[in-house]
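Inspection log for the structure reproduced underneath, given as structure tokens.
The values are calculated or read from the model by the stated rules, or taken from the named source; none is laboratory data. Everything quoted here is computed from the prediction, not taken from an experiment. All Cβ positions, even for glycine, are placed from backbone atoms using ideal geometry, and neighbour counts span all protein chains on display.
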Amino acid sequence: MNILQKLTSTEYMVKPHMRRGEIPSNREAYGRSLRIAFPAVVEMVSIALMDMIDVFMIGQVSDQAMASVGLSGQPRMLILSIFFALNIALTAIIARKKGAGEMDDARSALRQGLLFNALLGLKLTLVAVIFARPLMNMAGAQYDTIDDATTYFRIIGFFVIPQVMTMTICAAQRAIGNTKITLKVNVAAKIVSLVLNFLLIEGRFGFPRMEVEGVAWARSIAMTVAFVLALISILRKDSELRISIKDAWLKIDRAIFKSIGRLTANGMLEQVGLRIGFFIYALVIANLGTHAFASHVIAMQIMMISFTFAEGIGAATTSLVGQNLGKNRPDLSIMYGKIGLRMAFVCAAVLSGVCMLLRYPFASMFSNDPYVISTAASLLLILAYALPFQTTQLVMGGSLRGAGDNRYVAITMLITVGVMRPLFGFLLAYPFGFGIQGAWMAVIIDQLARLILLMSRFVRGKWVQAKV
């Protein structure tokens, strides 16, 4: 048997002494992974592509308008960090309950998550609306972007609750493998956003010209549409995660609540590290000037597309890892984790080639400024080298989270994203004088370090013993 067959065959993915039963054939195992991963990848790539079109449309107004929208990214993610942590916890718990056949507990976990979202979402809505301008100042908004950035952030701040409710419902659906539902919810919402952006940014077909404010309203209305569709998916009688107003919403399952609290605390450690790291990193880039930040926003579009490929595969891996641990089949969890890694690496190789070959045409789509185009193209070349590290470590992180081993992932993220990326970004951009290119070289350092740390954990295999 040649090396390629050994690398891709399920027979070689689990050591004989670790097997708890029959190992599925290549066709069965890869087929199951693809059935869950494909809708998730289509969903996330479609959303990223439509986001990219959004940026393209606002970029036609001006580089300042594009930067204004981009500046809101990290403050918004910082506000949402606790909800990301909660969703990581719920995904691990619900996937495990699905595998064990304990769907009543899965539904209980979802109800408790939604109740938490409603209570905390109201408070964070007030924070986003009241402190919009100070947050944009902290994000590095300049005199030519502060007003538009504040307007954009304040409008979307009013819609925190429907956004976080949708996130949690979709996380629960992915946990049980219902990625087709989340595909329909999020792609439909993005189409709404895209149409409204077309109408409102430049004022077409009798609609007012609203520019950045139009992008904000388009996003906000689309988030509301997504919430309605997501809610319908769990109100249907044939839904595995069906909830009802008649359910015991105020009855707390202590065991599940304790698991949610412990895993969310670990997730918060990760999210705080991520958001603070990304926030400082974005600030490092913002202080290089509006044109440098516009170049950064352009390059981030292809990075987000590559990220979504890995995120879609990672969603399938998280679901399959958690479900098989619930069935007491850690051997299959290891196998599906390794299948996800192989799928991610193939995607990375293709995307790296595309990134290298099409970097100048891609950058030219978003700006007419020669400096912005050449700078963005140089950033895309750096990204091409980082993609293999990025995609594989994202899927490994998904495997560990699916098992409930998110404390290790959290510490890894805290070290690499929270400390290494902003630190090396600052050093390479300013003292070493590499500017925006230096800041992006820090991405390679961050991703490589993350790959090494997560790979060492994954290979040892102790993560299959994690408790939820």
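Is at least one residue of the range 269-286 touching a Lys or Arg at 6+ places or on another chain (Cβ under 8 Å), surrounded by 21 or more Cβ atoms within 10 Å (Cβ to Cβ) and assigned to a helix (DSSP H, G or I)?
Yes, there is a match, as at least one residue in the range 269-286 is touching a Lys or Arg at 6+ places or on another chain (Cβ under 8 Å), surrounded by 21 or more Cβ atoms within 10 Å (Cβ to Cβ) and assigned to a helix (DSSP H, G or I).
With the checklist (1) closer than 21 Å to residue 297 by Cα; (2) touching a helix residue (DSSP H, G or I) at 6+ places or on another chain (Cβ under 6 Å) in hand, flag the one item residue 374 doesn't pass.
(2)
In the range 35-94, which residues are over 28 Å from residue 348 (Cβ atoms) and of a type in the set (Asp, Glu)?
Matches in the range 35-94: 63 only.
Here are some conditions: (1) crowded, with 20+ Cβ neighbours inside 10 Å; (2) over 23 Å from residue 282 (Cβ atoms). Residue 128 meets all but one. Which one does it not meet?
(2)
Check residue 432 against each of (1) in a helix (DSSP H, G or I); (2) among the hydrophobic types (A, V, I, L, M, F, W, C); (3) over 20 Å from residue 353 (Cα atoms) and name the one condition it does not meet.
Exception for residue 432: condition (1).
Quick one: residue 321 ticks every box in (1) among the hydrophobic types (A, V, I, L, M, F, W, C); (2) buried (at least 19 other Cβ atoms within 10 Å of the Cβ); (3) under 23 Å from residue 163 (Cβ atoms) bar one, so which box is it?
(3)
Output the number of residues of the range 206-250 satisfying the condition of being basic (Lys, Arg) and in contact (Cβ under 8 Å) with a residue 24 or more places away in the chain.
Residues of the range 206-250 basic (Lys, Arg): 209, 219, 236-237, 242, 246.
Right, trim to in contact (Cβ under 8 Å) with a residue 24 or more places away in the chain and you get 219, 242.
Final tally of qualifying residues: 2.
Determine which member of the set 199, 229 is out of contact with any Asp or Glu (no Cβ under 8 Å at 6 or more places or on another chain) and under 28 Å from residue 313 (Cβ atoms). Reasoning before the result, please.
Details: 199 fails: under 28 Å from residue 313 (Cβ atoms).
One residue alone meets the criteria, 229.
Any residue that is at pLDDT 80 or above, within 27 Å of the chain's Cα centre (by Cα) and either among the hydroxyl-bearing types (Ser, Thr, Tyr) or under 19 Å from residue 319 (Cβ atoms) (or both) - is there at least one of those in the range 13-29?
In the first step, residues of the range 13-29 are kept if they are at pLDDT 80 or above; the result is 13-29.
Checking which are within 27 Å of the chain's Cα centre (by Cα) leaves us with 29.
From the residues that got through so far, the ones that are either among the hydroxyl-bearing types (Ser, Thr, Tyr) or under 19 Å from residue 319 (Cβ atoms) (or both) too are 29.
Yes, because at least one residue in the range 13-29 is at pLDDT 80 or above, within 27 Å of the chain's Cα centre (by Cα) and either among the hydroxyl-bearing types (Ser, Thr, Tyr) or under 19 Å from residue 319 (Cβ atoms) (or both).
Would you confirm, using the coordinates I've provided, whether residue 220 is modelled with pLDDT of 85 or more, polar (S, T, N, Q) and surrounded by 15 or more Cβ atoms within 10 Å (Cβ to Cβ)?
Values: modelled with pLDDT of 85 or more: yes; polar (S, T, N, Q): yes; surrounded by 15 or more Cβ atoms within 10 Å (Cβ to Cβ): yes.
Against the criterion (modelled with pLDDT of 85 or more, polar (S, T, N, Q) and surrounded by 15 or more Cβ atoms within 10 Å (Cβ to Cβ)), residue 220 qualifies.
Quick one: residue 425 ticks every box in (1) of a type outside the set (Lys, Arg); (2) assigned to a loop (DSSP other than H, G, I, E, B); (3) in contact with a Phe, Trp or Tyr (Cβ under 8 Å, 6 or more places away or on another chain) bar one, so which box is it?
(2) is the only condition that residue 425 fails.
Could you check, for the range 22-33, whether at least one of its residues is touching an Asp or Glu at 6+ places or on another chain (Cβ under 7 Å), farther than 17 Å from residue 152 by Cβ, β-branched (Val, Ile, Thr) and surrounded by 16 or more Cβ atoms within 10 Å (Cβ to Cβ)?
Our first condition is that a residue be touching an Asp or Glu at 6+ places or on another chain (Cβ under 7 Å); within the range 22-33, this holds for 23.
Then keep just the ones that are farther than 17 Å from residue 152 by Cβ; that gives 23.
Narrowing further to those that are β-branched (Val, Ile, Thr): 23.
Now restrict to residues that are surrounded by 16 or more Cβ atoms within 10 Å (Cβ to Cβ): 23.
The answer is yes, given that some residue of the range 22-33 is touching an Asp or Glu at 6+ places or on another chain (Cβ under 7 Å), farther than 17 Å from residue 152 by Cβ, β-branched (Val, Ile, Thr) and surrounded by 16 or more Cβ atoms within 10 Å (Cβ to Cβ).
Tell me the residue from 312, 337, 322 that is more than 30 Å from residue 17 (Cα to Cα), in a helix (DSSP H, G or I), in contact (Cβ under 8 Å) with a residue 24 or more places away in the chain and not acidic (Asp, Glu), please.
Matching residue, one of 312, 337, 322: 312.
Is it fair to say residue 333 is modelled with pLDDT of 90 or more and either surrounded by fewer than 21 Cβ atoms within 10 Å (Cβ to Cβ) or touching a strand residue (DSSP E or B) at 6+ places or on another chain (Cβ under 7 Å) (or both)? Even if it seems obvious, please write down each step before you answer.
Numbers: modelled with pLDDT of 90 or more: yes; either surrounded by fewer than 21 Cβ atoms within 10 Å (Cβ to Cβ) or touching a strand residue (DSSP E or B) at 6+ places or on another chain (Cβ under 7 Å) (or both): no.
Taking the combined requirement at face value, the residue does not satisfy it.
For every residue, the table says whether it meets (1) farther than 30 Å from residue 196 by Cα; (2) in a helix (DSSP H, G or I); (3) at pLDDT 85 or above.
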position: 230; (1), (2), (3): no, yes, yes
position: 233; (1), (2), (3): no, yes, yes
position: 239; (1), (2), (3): yes, no, yes
position: 247; (1), (2), (3): yes, no, no
position: 264; (1), (2), (3): yes, yes, no
